[in-house]
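> Following this message is one structure expressed as structure tokens.
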Amino acid sequence: MADTANDRGLCDFPPVTPAAWRELATRELKGAPLERLTSRTPEGVPVPPLSTAEDVGGGVPREPLVGRSGRGWAICQEYRQARPGDAGAAAAEDLAQGAEAAWFVVDEALAAGTAGTAGRAGVAVGGADDVAAMLAGIDLARVPVTIDAGLRALPVAAMLAGEAERRGVAVEQLQGAVAGDPLALLAAVGETGWPIEHAYSDMAALTRWSRAAAPGLRTALVDATPWHDAGATAADELAAGIAAGLEHLRGLARAGIAADEAAEALVFVFAVGRDLLLELAKLRAARSLWARVAAACGAGPKGQVMRLHARASRRELAALDPWVNLIRTTTEGFAAALGGADTIAIAALDEALGEPGPLGRRLARNVQLILREESHLGAVRDPAGGSYTIERLTDALAREAWRRVQAIEAEGGLLASLRAGAIQGRVAEAAAAQARAVATLRLPIVGVSRFAAAEARGTGAVAGDRVAAVAAARSKGTGSEGQVLEGMSEVQAAVGRGLGLVGFARPGPGEAARPLVRGRLAEPFERLRARASGTVALVPVGAAAAVRPRVEFSRTYFPVGGFAVVEGEPTEDLEAAVKWFAGSGAAAAVICGTDASYPEVVPALVPRLRAAGARAVVLAGRPKDQVEALTAAGVDLFIALGGDALEVLGALQRRLEVEP
């Protein structure tokens with residue numbers, strides 16, 4: 001087709017060289033160095049404002065990193081409802097409405113083989129009847145099913161095989177995975193019921209059975225999400241995942257599984273957080289790193305292609321204003337799709353409130369359907385490939401992660417690092433920095449610490465009785481009579497005789513390690529809001545234009561702590577300001593003025609506000625050279641950009657004697 005005049009005009013802009021861009025940027029910065037435009041990720045990886053082909057160089061290899069189909073990824077929602085029947089019903093409904101695979105997570109305490117009352121989340125599977133209830137509405141001959149069963153993957157696989165045979169489905173038709181990551185459970189729970197070496201023996205037995213009888217099932221997980229949930233940086237998540245993969249290859253090799261077979265049995269799981277470019281680069285870096293590591297360990301081309309399951313971050317979810325979670329998980333799903341995930345799970349918007357309701361689950365699966373079927377994000381194999389910024393960030397992140405893998409290896413590998421508490425200490429430092437950023441509002445949480453919602457509307461989430469469900473699961477089929485079961489055939493026979501999950505155990509003392517402290521970013525502010533009540537009054541003193549910035553800052557600041565805000569008109573008449581406050585009904589006064597006016601206004605205004613009923617006086621702003629004098633004049637608290645909002649709002653609650 002011939003170019004139009006407009007087309008030619010659009011294409012006829014003169015070329016802009018990097019040197020010309022730098023010259024213009026330097027002028028705009030008024031002589032300040034260009035480095036001011038470079039940001040850094042939490043792990044210190046630089047993100048420059050401009051990347052060119054020269055910066056990228058060789059980049060990352062294109063093959064064999066992405067192995068997914070031309071349609072893109074599979075929609076694979078996850079289920080953690082306490083009762084197996086509830087989890088199964090939710091999965092069946094989702095599969096009938098667009099989901100293509102199901103991922104069940106067994107309760108952590110049961111999966112780890114420990115005596116805990118209940119884990120943090122997961123399905124309470126106790127016996128073959130629970131597996132049957134969980135899978136009741138699923139066509140096992142057609143739908144890929146993954147069951148994350150931890151150290152008890154071997155008996156769960158036997159139960160799955162028995163259920164398939166009962167339905168007349170050949171075991172070789174099964175697709176998905178029955179697997180676990182013993183290292184992830186050790187990091188998350190802090191203990192396992194038996195030694196990791198026994199876990200690798202069972203993993204090897206399961207892998208041998210799968211390759212012979214059920215080739216469509218993978219049998220080992222590398223789950224990096226506990227590190228994400230504990231606040232690890234992207235580089236630390238990658239390092240922990242790659243180091244776990246190495247540990248699995250070694251453990252399986254000791255149990256007689258060749259590197260090629262072991263690599264092909266693995267499924268990697270990564271959480272995807274808020275930073276679009278960083279998370280996209282993280283998934284691409286994971287594939288790049290594993291391709292090289294697997295090749296170095298002797299795996300063939302198939303084993304070098306990472307099987308990657310991405311789940312939207314549970315750490316980013318908020319219980320307050322949960323509807324915002326829908327937007328959060330959409331951007332996370334977008335990053336996962338562009339990052340090359342094979343399967344994606346989007347968290348329901350009400351997951352932080354309990355077991356998600358039908359509306360939350362419907363919206364979660366429809367997000368994926370829109371991203372794939374309407375936005376066509378799966379139509380291109382590596383849509384981020386060739387972007388200089390993303391290629392550069394992928395390469396830099398992979399290099400930083402590899403340095404951390406080397407540090408873990410120098411400590412003796414991931415298991416040794418976990419036992420020593422070394423890697424947990426590094427993650428705790430990163431989490432503390434992240435917590436400070438949240439508390440000071442530098443890392444905002446929309447609906448919680450920024451633009452806080454006045455009230456929450458119901459979503460349909462329900463609180464599952466996890467303790468009761470796990471207790472019921474523990475009561476099933478415990479009579480193994482101390483027998484040590486060897487290989488899948490013995491486990492299948494024992495399951496046929498009624499062996500339950502709790503009855504499956506291994507000899508020897510379990511592992512112990514310092515558990516990761518996992519949680520959601522919004523939880524500190526949610527706890528603050530749960531005990532907050534009362535009203536603060538903004539008292540603007542000065543010309544309207546001069547005090548407006550601090551009035552607007554204060555107007556959005558105090559609802560974060562659950563306080564209602566009333567606002568007076570700007571005035572220079574202190575008596576009028578005090579009279580208005582006295583009639584406001586507020587227990588706290590927030591003086592909003594200018595630094596220049598504070599030395600004169602504050603000493604005169606504070607005593608009058610106290611006399612008018614103010615139990616706390618807060619100053620908008622924190623002029624460094626005046627803090628001591630203003631405190632002496634009666635100011636109780638200061639609010640300012642970069643200050644610790646969590647601490648200040650908590651202190652205000654205590655001053656107003658707000659009870660939980």
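The values are calculated or read from the model by the stated rules, or taken from the named source; none is laboratory data. Note that the coordinates shown come from a computational prediction; the quantities given were computed from them, not determined experimentally. Because the Cβ atoms are built from the backbone with ideal geometry, glycine has one as well, and the counts that use them run over all protein chains shown. SASA here: full protein model, heavy atoms, side chains in, ligands and nucleic acids out. Shrake-Rupley method; radii C 1.70, N 1.55, O 1.52, S 1.80 Å.
> Over the alpha-carbon set of region 192-340, divide Rg by the Kirkwood Rh and report the Rg/Rh ratio to two decimals.
My calculation of the ratio gives 1.02.
> Just need the relative contact order of the chain here, percent rounded to a whole number, with Cα pairs under 8 Å and 6+ apart. Intermediate results must be reported in sequence, preceding the final value.
Values: 1301 pairs, mean separation 98.4, N = 660.
In percent, rounded to a whole number, it is 15.
> Which ³J(HN,Hα) values in Hz, rounded to whole numbers, follow from the phi angles of region 500-509 under the Karplus curve 6.51 cos²θ - 1.76 cosθ + 1.60, where θ = phi - 60° and Gly and Pro get x?
x, 4, 5, x, 8, 8, 10, x, x, x
> Another question, then. Place +1 on the Cβ of every Lys and Arg and -1 on the Cβ of every Asp and Glu in the chain, take the dipole about the Cα centre, and give the residue among 322, 468, 174 whose Cα lies farthest towards its positive end.
Result: 468.
> With just the Cα atoms defining each centre, how far is region 572-605 from region 255-273? Give it in Å.
Centre-to-centre (Cα) distance: 64 Å.
> Would you compute, for the Cα atoms of region 520-660, the largest minus smallest coordinate along each principal axis and list the three values in descending order, in whole Å?
44, 32, 28
> If you don't mind, another one. Could you give the radius of gyration (one decimal) and Dmax (whole number) of the Cα atoms in region 296-452, in Å?
18.7, 53
> Can you classify region 319-389 as rounded, prolate or oblate using the Cα gyration tensor, where a ≥ b ≥ c are the square roots of its eigenvalues, rounded means a/c under 1.5, and otherwise it's prolate if a/b beats b/c and oblate if not?
Note, shape of region 319-389 comes out prolate.
> With all protein chains present, how much of the accessible area of the chain (probe radius 1.4 Å) comes from carbon and sulfur, to the nearest whole percent?
On the way: 14570 of 26990 Å².
Exposed carbon and sulfur together represent 54 percent of the surface.
> Still on this structure: One quarter of the convex hull surface, Cα atoms only: what value does that give for the chain in nm²?
Its Cα hull, projected and averaged over all orientations, spans 35.1 nm².
> So which GluC sites (Glu not before Pro) in region 579-660 are both in a DSSP loop and have at most 11 other Cβ atoms within 10 Å of their Cβ?
Sparse-neighbourhood loop GluC sites (Glu not before Pro): 657.
> Counting only protein chains, not ligands or nucleic acids, how are 426, 403 ordered by accessible area (probe 1.4 Å), most first? List each step's numbers first, then the result.
Values: 426 80, 403 130 Å².
Per-residue accessible area, sorted high to low, gives 403, 426.
> To the nearest 10 square angstrom, what accessible area does residue 209 show with a 1.4 Å probe?
The value for residue 209 is about 40 Å².
> Rounded to the nearest 500 deg cm²/dmol, what is the calculated helix-only ellipticity per residue at 222 nm for the chain, with -39500 (n - 2.57) per DSSP H run of length n ≥ 4?
Calculated mean residue ellipticity at 222 nm is -14000 deg cm²/dmol.
> May I pose another question? Sort 309, 376 from largest to smallest accessible area, using a 1.4 Å probe on the heavy atoms of the protein chains.
Accessible-area ranking of 309, 376, largest first: 376, 309.
> Using a 1.4 angstrom probe, figure out how much accessible area the chain has per residue, in square angstrom, rounded to the nearest whole. Provide the component values of the computation, followed by the final result.
Values: 26990 Å² over 660 residues.
Computed with neighbouring chains in place, this is 41 Å² per residue.
> Given the whole protein assembly as supplied and a 1.4 Å probe, what does the accessible area of residue 553 come to in Å², nearest 10?
50
> Can you report the principal axis dimensions of region 563-605 using only the alpha carbons, biggest first, rounded to whole angstrom?
28, 21, 17 Å, listed from the longest principal axis down.
> Under 17 Å Cα-Cα from residue 579, which aspartates and glutamates qualify once same-chain neighbours fewer than 8 residues away are excluded?
Straight-line reach from residue 579, under 17 Å: 567, 569.
> Out of the trypsin sites (Lys or Arg not before Pro) in region 66-154, which ones are loop residues according to DSSP with at most 12 other C-beta atoms within 10 Å?
For trypsin sites (Lys or Arg not before Pro) across region 66-154 that sit outside H, G, I, E and B with at most 12 neighbouring Cβ atoms in 10 Å, the list reads 71, 142.
> DSSP H helices in the chain with Cα extent of 24 Å or more along the helix axis and mean Kyte-Doolittle hydropathy at least -1.0?
196-213, 234-254, 276-296, 388-410, 422-439
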